[in-house]
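**Q** Below is one structure. I have some questions about it.
Just so you know, all these numbers are worked out from the coordinates, no wet-lab data involved. Owing to the predicted nature of the structure, the values given are computational and were not obtained by experimental measurement. A quick note on method: Cβ atoms are made from the backbone with ideal geometry, for glycine too, and the neighbour counts reach across all protein chains shown.
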Amino acid sequence: ELKVEQNPLFLSMQEGKNYTIYCNYSTTSDRLYWYRQDPGKSLESLFVLLSNGAVKQEGRLMASLDTKARLSTLHITAAVHDLSATYFCAVPSGGYQKVTFGTGTKLQVIP
Amino acid sequence: DTGVSQDPRHKITKRGQNVTFRCDPISEHNRLYWYRQTLGQGPEFLTYFQNEAQLEKSRLLSDRFSAERPKGSFSTLEIQRTEQGDSAMYLCASSPRWVWSRGGTGEAFFGQGTRLTVV
């Protein structure tokens, strides 16, 4: 059974600082998704990583995928308060019929 | 709005009652998913449709849960004899069909969810 783990589970950081969220998964997959969720809201797609070595950047967020290590990272550069949310990585399986989500990382950016 | 639409957004029901939720996917998407999310957890897969066919069900989907997608359009998720443990956010998502042949991403787009509270 596919397991997806994120760390840290909770991250409190000051504005302007950098940090990385890690996502490990237990079985082979050639792609990975990152989502953002604000409190009480649904999930917003952030990044779709489609191959080994894929790197995508949007604003202060950059995601990468290492399929051999079964590891993805979400790097935050010079954090701002608006980035406060919960971030999930998700890995497809079963012919992309279902997606298994990680445990989530709750990010709090303190002004 | 051409996104995934769910109705209702909130539902409060008494234990033992039946509830039904509706999901309207993005019109050109033939894949539809239901997930359940409890507080502080990631979404958990419940079931998946390709067109009108329900192709996979999680063991989380007990006999009290049933999902349909008549004619491959909207979907409904029904919970019979609700229990307090059913309280959660129920999320619907859809994705396009051609994941492999047209280089699709398999990315799923989520609706706003239905928050169920069983009292």
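**Q** Multiply the residue separation of residue A:24 and residue A:80 by 0.36 nm, subtract the distance between their alpha-carbon atoms, and state the gained length in nm to one decimal.
**A** Length gained between residue A:24 and residue A:80: 17.6 nm.
**Q** Taking the inverse of the average 1/r across all pairs of different Cα atoms in the stretch A:20-102, what Kirkwood radius in Å do you get?
**A** The Cα-based Kirkwood calculation yields 13.0 Å.
**Q** Straight-line reach only, C-alpha to C-alpha below 24 angstrom: list the lysines that residue A:106 could link to, leaving out same-chain residues fewer than 8 apart.
**A** Counting by Cα, and skipping residues close in sequence, residue A:106 has these lysines nearby: A:3, A:17, A:41, A:56, A:98.
**Q** Same structure again: Please state, to two decimals, what the Cα-based radius of gyration of the protein assembly as shown comes to when divided by 2.2 N^0.38 Å (N = residues).
**A** 1.02
**Q** Here's something else I'd like to know. Averaged over peptide A:40-46, how many Cβ atoms belonging to another chain are found within 10 Å of each residue's Cβ?
**A** Average per residue, whole number: 6.
**Q** Let me ask you something else. Could you check the simple spin-label distance between residue B:76 and residue B:39, using points 7 Å along Cα→Cβ, in nm with one decimal?
**A** Taking the simple label geometry, residue B:76 and residue B:39 are separated by 3.1 nm.
**Q** What are the radius of gyration and Dmax of the stretch B:26-78, computed over its Cα atoms and given in Å?
**A** Answer for the stretch B:26-78, Rg first and Dmax second: 11.4, 35 Å.
**Q** In debye, nearest 20: dipole of the stretch B:2-61 around its Cα centre with unit charges on the Cβ of K, R (+) and D, E (-)?
**A** 420 debye
**Q** Still on this structure: So for the protein assembly as shown, taking the charge dipole from beta-carbon charges (+1 Lys/Arg, -1 Asp/Glu), which of A:67, A:23, B:34 sits furthest toward the positive end?
**A** Value computed over the given set: B:34.
**Q** Please work out, to two decimal places, the log10 of the ratio I(q)/I(0) at q = 0.26, 0.30 Å⁻¹ from a Debye calculation in which every Cα of the stretch B:1-41 carries one identical scatterer.
**A** Per q value, in the given order, log10 I(q)/I(0) is -1.07, -1.16.
**Q** Positive end of the charge dipole of the protein assembly as shown (Lys, Arg +1 and Asp, Glu -1 on Cβ, about the Cα centre): tell me which of B:90, A:55, A:80 has its Cα farthest that way.
**A** B:90
**Q** Mind listing P(r) for the stretch B:24-119? All alpha-carbon pairs, 5 Å bins, whole percents.
**A** P(r) over the stretch B:24-119, rounded to whole percents: 3, 13, 24, 25, 18, 10, 5, 2, 1, 0.
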